[in-house]
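Asker: One structure, pasted below without further comment.
Every read-out reported here was derived from the displayed coordinates using simple, explicitly stated rules and does not represent laboratory data. Computed from a predicted structure; not experimentally measured. Don't worry about glycine lacking a Cβ; one is built from the backbone with ideal geometry, like all the others, and counts go over all protein chains shown.
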């Protein structure tokens with residue numbers, strides 16, 4: 001095993017778990033499928049405007065119109081609103097389908113919105129899905145509806161009730177159930193669940209009554225679908241921490257985390273704030289990320305978001321693992337790094353628009369420390385500040 005690559009990876013993991021999160025604003029569209037008398041999910045969700053350092057803004061649309069079971073006041077026909085240009089899904093980062101958001105008691109709410117939903121996820125959007133009914137069909141006779149890619153990844157819904165559940169290995173690794181809150185799945189009330197899934201679906205938690213998913217992830221294009229089969233009628237307030245975790249998890253899915261090596265070949269990574277030169281920074285390729293996909297013109301480095309000073313990246317196998325990494329250069333004086341900084345964050349996008357971020361530790365050099373307070377000295381701190 002390459003010891004340098006191992007050290008870099010461990011440092012990145014420690015920083016990601018312990019350091020303050022990189023801040024970004026995420027816009028969320030809530031599609032509410034059941035009246036507030038039965039479903040407090042939307043109002044609870046909108047209370048989480050800041051999670052893990054990120055800011056969340058919310059728009060809410062009722063999609064269960066008058067004449068259906070338990071309609072939401074002021075609802076619209078979503079598909080028609082999209083076709084008329086009144087709703088543009090692509091202006092959002094996240095779509096949150098509340099309990100029975102896609103359909104309820106035989107009524108299907110997503111007709112005409114299917115292609116827009118698929119395109120939203122394909123282009124990098126994330127969709128949260130709470131439990132929904134098994135007793136409706138779309139216009140093609142499909143049980144779930146074409147807003148999910150069920151032609152490519154078949155699935156069905158089982159009519160079930162509450163059950164205990166256990167977190168899978170994949171679920172434990174996801175952070176959905178412990179960041180920022182530790183979730184007791186057995187305190188939640190579950191409802192109808194997905195079933196008949198292929199290997200493309202990643203199971204995050206399993207029901208104890210039937211072995212079917214209590215929570216799942218389906219990557220699709222550059223985006224993802226996430227489902228947890230909670231029943232909003234009776235699972236609150238116990239499920240409130242899960243909604244906060246859900247926002248944090250969707251934010252992580254939106255922003256790919258990459259391994260970064262500042263000043264490759266050195267550790268710790270010294271930065272001289274008086275330097276007029278440039279800092280080399282390597283973004284590493286691994287099994288989940290190909291650094292060749294980076295658009296160098298989008299990459300920003302440090303608090304002042306310095307751009308690549310040559311306007312291009314340099315491909316090189318920095319960590320000696322046989323694949324090609326990307327080396328970029330940023331001017332110290334444009335980075336905004338200060339004497340108090342212990343790490344630097346780098347952000348950017350791939351050529352197909354996928355956002356990423358990474359961070360690495362640094363050590364500031366070339367800055368004189370304040371004189372020590374030697375007990376034998378008559379120099380006071382006031383003298384130091386006044387330039388004694």
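Asker: How large is the helix-only mean residue ellipticity at 222 nm for the chain, computed as the sum of -39500 (n - 2.57) over DSSP H runs with n ≥ 4, divided by its residue count, in deg cm²/dmol to the nearest 500?
Answerer: So the helix-based figure for the chain works out to -4500 deg cm²/dmol.
Asker: Moving on. So if we plug the beta-carbon distance of residue 290 and residue 334 into 1/(1 + (r/R0)^6) with R0 = 30 Å, what FRET efficiency do we get, rounded to 0.05?
Answerer: FRET efficiency, residue 290 to residue 334: 0.65.
Asker: Would you please classify the overall shape of segment 23-254 from the alpha carbon gyration tensor, given that a ≥ b ≥ c denote the square roots of the eigenvalues, rounded means a/c under 1.5, and beyond that prolate means a/b larger than b/c while oblate covers the rest? Could the numbers behind the result be given before it?
Answerer: Working: a/c = 1.28, a/b = 1.14, b/c = 1.12.
Rounded.
Asker: Oh, and also: Once label points are set 7 Å from the Cα along Cα→Cβ at both residue 267 and residue 238, what is their separation, rounded to one decimal in nm?
Answerer: 4.5
Asker: Using only Cα atoms, figure out Rg for segment 260-365 and give it as a multiple of 2.2 N^0.38 Å.
Answerer: Against the empirical 2.2 N^0.38 Å value, I get 1.00 for segment 260-365.
Asker: Continuing with the same structure: Just one of (i) 68, 63, 43; (ii) 61, 46, 34; (iii) 82, 49, 44 is Cα extents along the principal axes in Å as worked out from the coordinates here. Which one is it?
Answerer: (iii)
Asker: Further question: What residues from segment 246-288 fall in the zone where the backbone N is under 11 Å from a label point 7 Å along the Cα-to-C-beta line of residue 365?
Answerer: Once the point is set 7 Å along Cα→Cβ of residue 365, 266-273 turn out to lie under 11 Å by backbone N, inside segment 246-288.
Asker: Sorted by average packing, counted as other Cβ atoms within 10 angstrom per residue and highest first, what order do 117-129, 56-68 take? Walk me through the numbers on the way to the answer.
Answerer: Numbers: 117-129: 21.5, 56-68: 17.9.
Per-residue mean Cβ counts within 10 Å order the peptides as 117-129, 56-68.
Asker: Given the chain, what percent of its DSSP beta bridges are antiparallel, to the nearest 5?
Answerer: 65
Asker: Helix 240-254 versus the longest principal axis of the chain: what angle, 0 to 90°, nearest 10, using Cα atoms?
Answerer: Relative to the chain, helix 240-254 is tipped by roughly 60 degrees.
Asker: Another one. Going by average Cβ density within 10 Å per residue, which order do the peptides 102-109, 245-252 take, highest to lowest?
Answerer: 245-252, 102-109
Asker: What's the FRET efficiency of residue 122 with residue 83 using the Cβ-Cβ distance as r and R₀ = 30 Å, to the nearest 0.05? Let's see the in-between values first.
Answerer: On the way: r = 19 Å, r/R0 = 0.62.
Working from the Cβ atoms, E equals 0.95.
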